[in-house]
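Chemist: This is the structure I want to talk about, given as structure tokens.
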Amino acid sequence: MNVARKEAAKTMEVIDVVVEVLDARIPEASRNPLIEELRLARQRPSLKVLNKADLADPAVTGAWLELYNRQSGGNAIALSCNHAGDAAKVPQLCQALAPHRDSSAKPLRMLIMGIPNVGKSTLMNRLLKRRIARVGDEPAVTKVQQRHKLNDRTAITDSPGLLWGTITDPRVGLLLATINAVGHTVVDDEEIAEFLASILLVRYPAKLTTRYGFAVEGLTSAGVVDAIARKRGCLLTRSGGGLDRDKAARILLADYRDGSLGRTSLETPESRPEEQHDIGSLSGV
């Protein structure tokens, strides 16, 4: 299909456990089916890491863990890779999935995979206890595979983020845009912000009121963006003081992404469609 896919498939031959990093706020939308396809072809177990769990709704995260841990071929854990103690749990859990690889002669070989901007590089840096992989809040920070020795009995490889070339479900695309996995140049910020607001109005209306100080009763998702613009003084000076909706949208998205709105989840096991991704057209990012 492409260079990224071929490289990932080649690496899959010489590793023992796949560490699939997901965003705990949208675990299924941030799951790349290519990873599952490649690991099943090589019969490799996987550890699903629901990263950024400190930003997600804990009750919803618990439901995701229950679902994933019922599935065969691996385990799942929720954590925050920003916390060294959380990241340190990953090698132990991987070791349990490959007990035959636990010596200097046969070291455990882990491969970190996932879509852009879910925290793969942060996990890598925490495990190695030094800054090896560059971290950023934009997609596609990691460009090439990086392999490092964790200790005499463990090696770890970080791979570039793999994202779909075509996303057939518009909702999945908007969920990915909300966590900035596809970049702000791909989707209009106002559209993403209104999509986010539509979910928050249903699931977490009180968080909008707490953060911005306006009542949400009767508001539409577009009305939320307008209300933020009024509260934060987002005005277009060149158009007679009209609302700067783009600036207000960026405020809402920034507040969501950094956790200022509180712990929220945009996707639940009940809300996930049966098939979200078109695995026929995937590309490396």
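The values are calculated or read from the model by the stated rules, or taken from the named source; none is laboratory data. Keep in mind the model is a prediction, meaning the values are calculated, not measured. FYI the Cβ positions are ideal-geometry reconstructions off the backbone, even for glycines, and counts take in every protein chain you see. What goes into the accessible areas is simple: the full protein's heavy atoms, side chains included, and nothing from ligands, DNA or RNA. Shrake-Rupley method; radii C 1.70, N 1.55, O 1.52, S 1.80 Å.
Chemist: Could you list all residues from segment 235-285 that are of a type in the set (D, E, K, R), under 27 Å from LEU163 (Cα atoms) and modelled with pLDDT under 85?
Modeler: Taking segment 235-285 and keeping what is of a type in the set (D, E, K, R), we get 238, 244-247, 250, 255, 257-258, 263, 267, 270, 272, 274-275, 278.
Applying the additional criterion that residues be under 27 Å from LEU163 (Cα atoms) yields 246, 250, 255, 257-258, 263, 267, 270, 272, 274-275, 278.
The answer is ARG272, GLU274, GLU275, ASP278.
Chemist: Filter segment 36-54 for residues that are within 21 Å of VAL172 (Cα to Cα) and buried (at least 22 other Cβ atoms within 10 Å of the Cβ) and give the result. Show your work before the answer.
Modeler: Step one: filter segment 36-54 for residues within 21 Å of VAL172 (Cα to Cα), giving 36-37, 48-53.
Of everything in segment 36-54, those that are within 21 Å of VAL172 (Cα to Cα) and buried (at least 22 other Cβ atoms within 10 Å of the Cβ) turn out to be LYS48, VAL49, LEU50, ASN51, LYS52, ALA53.
Chemist: Now for a separate question. Only residues that are buried (at least 17 other Cβ atoms within 10 Å of the Cβ), under 17 Å from ILE192 (Cα atoms) and aliphatic (A, V, I, L, M): list them for segment 220-250, please.
Modeler: Hits for segment 220-250 are VAL224, VAL225, ALA227, ILE228, ALA229, ALA248, ALA249.
Chemist: Looking only at segment 201-215, which residues are more than 25 Å from the chain's Cα centre (by Cα) and either among the charged types (D, E, K, R) or open to solvent by less than 20 Å² (accessible area, probe 1.4 Å) (or both)?
Modeler: Initially, segment 201-215 is screened for residues more than 25 Å from the chain's Cα centre (by Cα), giving 209-210, 212-215.
Residue satisfying the conditions is TYR212 alone.
Chemist: Oh, and also: Hey, can you tell me all the residues within segment 55-86 that are surrounded by fewer than 17 Cβ atoms within 10 Å (Cβ to Cβ), out of contact with any helix residue (DSSP H, G or I) (no Cβ under 7 Å at 6 or more places or on another chain) and under 15 Å from VAL21 (Cβ atoms)?
Modeler: HIS83
Chemist: Further question on the same structure: Does segment 60-72 contain at least one residue that is of a type in the set (Ser, Thr, Tyr) and either modelled with pLDDT of 95 or more or closer than 29 Å to TYR256 by Cα (or both)? Please lay out each step first, then the result.
Modeler: From segment 60-72, those of a type in the set (Ser, Thr, Tyr) are 61, 68, 72; that's our starting set.
Okay, now just the ones that are also either modelled with pLDDT of 95 or more or closer than 29 Å to TYR256 by Cα (or both), so 61, 68.
Yes.
Chemist: Please verify whether segment 176-183 includes one or more residues that are open to solvent by 40 Å² or more (accessible area, probe 1.4 Å) and β-branched (Val, Ile, Thr).
Modeler: Checked against the condition, which is being open to solvent by 40 Å² or more (accessible area, probe 1.4 Å) and β-branched (Val, Ile, Thr), segment 176-183 yields no hits at all.
Chemist: Looking at LYS52, is it modelled with pLDDT of 95 or more, on the phi > 0 side of the Ramachandran plot and under 19 Å from the mean Cα position of the chain (by Cα)? So that I can check it myself, show each step before the final result.
Modeler: On the way: modelled with pLDDT of 95 or more: yes; on the phi > 0 side of the Ramachandran plot: yes; under 19 Å from the mean Cα position of the chain (by Cα): yes.
In short, yes.
Chemist: Of the conditions (1) under 20 Å from ARG153 (Cα atoms); (2) open to solvent by 30 Å² or more (accessible area, probe 1.4 Å); (3) touching a strand residue (DSSP E or B) at 6+ places or on another chain (Cβ under 9 Å), PRO99 fails just one. Which one is it?
Modeler: Going through (1) under 20 Å from ARG153 (Cα atoms); (2) open to solvent by 30 Å² or more (accessible area, probe 1.4 Å); (3) touching a strand residue (DSSP E or B) at 6+ places or on another chain (Cβ under 9 Å) one by one, PRO99 breaks only (3).
Chemist: Would you pick out the residues in segment 115-163 that are at pLDDT below 90, in a loop (DSSP other than H, G, I, E, B) and aliphatic (A, V, I, L, M)?
Modeler: Residues satisfying the conditions are ILE132, ALA133, VAL135, ALA140, VAL141, VAL144.
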